Amino acid sequence: MNYILFDGPSRKQLLPFTYTRPVADIRVGILTIREKWEYFLQATTTTVTEEYLSNKWPMVELETNVMINASFCPTELLVEKIKDLKENQAIFKGEDVIAFYTKEAQEDIDLSTYTAIEFEDDILTIEHTWDIFAKNGTAITQDFELLTKERTSQPIPKSNNVIAP
């Protein structure tokens, strides 16, 4: 499956950060939003963004594509639902579209004709500039747990002295 991250309606609210990069390339926590999606999807992603940014971040469209709103950060449950998407299905969180399945050269997408799947769980969203900072602690914790899962840290060397442990 081909996964394409799109800027979505929050792009304008994330200015000036999005003047020079797509929403997917904003760093929140340890990883950028794109790095989070690629880790969970185990696939590379491309981007639909403003025309002046598309030379650096081109979109690759295949016969079947899943479009993902980059202002939403992935979770295991959300990625499961996205991987299970079929033609003419879309995942929503309230009024906001998170992801939808589309065919190549499908220019006019009318999401009202799609079967809506409501995502009920909590999800980290970056919709305003202050979200980058206000939600950074949560994102760092999530990224740390993700990157250190099933890994063991090296023991502290004996040459280190601990004062008042």
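The values are calculated or read from the model by the stated rules, or taken from the named source; none is laboratory data. Given the structure is predicted, the values throughout are model-derived calculations rather than measurements. Backbone-built Cβ (ideal geometry, glycine too); neighbour counts: all protein chains shown.
Against the list (1) surrounded by fewer than 10 Cβ atoms within 10 Å (Cβ to Cβ); (2) under 17 Å from ALA24 (Cα atoms); (3) of a type in the set (Gly, Ala, Ser), the condition ALA139 fails is (1). Within segment 91-119, which residues are within 17 Å of the chain's Cα centre (by Cα) and over 18 Å from THR45 (Cβ atoms)? Selection gives PHE92, LYS93, ASP96, PHE119. Checking each residue in segment 39-88 for being among the acidic types (Asp, Glu) and in contact (Cβ under 8 Å) with a residue 12 or more places away in the chain picks out GLU50, GLU61, GLU63, GLU76, GLU87.
Sub-8 Å Cβ pairs linking a first residue in segment 105-125 that is surrounded by fewer than 10 Cβ atoms within 10 Å (Cβ to Cβ) to a second residue that is modelled with pLDDT under 85, at least 6 apart or interchain, are ALA105/GLU61; THR113/ASN88, ordered by first then second residue. If the condition is being crowded, with 18+ Cβ neighbours inside 10 Å, out of contact with any Leu (no Cβ under 6 Å at 6 or more places or on another chain) and not in a helix (DSSP H, G or I), then segment 1-21 contributes ILE4, LEU5, PHE6, ASP7, GLY8, ARG21. Against the test of being within 13 Å of PHE72 (Cβ to Cβ) and of a type in the set (Val, Ile, Thr), the options ILE98, ILE140, ILE109 yield a single qualifying residue, ILE98.
For beta carbons closer than 7 Å, sequence separation of 6+ or different chains, a first residue in segment 147-162 that is surrounded by 10 or more Cβ atoms within 10 Å (Cβ to Cβ) and a second that is at pLDDT 85 or above, the qualifying pairs are LEU147/ILE30. Please determine whether any residue of segment 37-50 is in contact with a Cys (Cβ under 9 Å, 6 or more places away or on another chain), at pLDDT 90 or above, on the phi > 0 side of the Ramachandran plot and not polar (S, T, N, Q). No, every residue in segment 37-50 fails to be in contact with a Cys (Cβ under 9 Å, 6 or more places away or on another chain), at pLDDT 90 or above, on the phi > 0 side of the Ramachandran plot and not polar (S, T, N, Q). Across segment 61-77, the number of residues qualifying as under 8 Å from the mean Cα position of the chain (by Cα) and β-branched (Val, Ile, Thr) comes to 1.
Restricted to strands (runs of 3 or more DSSP E) entirely inside segment 24-135, those with at least 1 residues that are of a type in the set (A, V, I, L, M, F, W, C) and closer than 13 Å to LEU5 by Cβ are 45-48, 64-69, 96-103. Restricting attention to segment 22-49, the residues that are of a type in the set (A, V, I, L, M), surrounded by 16 or more Cβ atoms within 10 Å (Cβ to Cβ) and touching a strand residue (DSSP E or B) at 6+ places or on another chain (Cβ under 8 Å) add up to 6.
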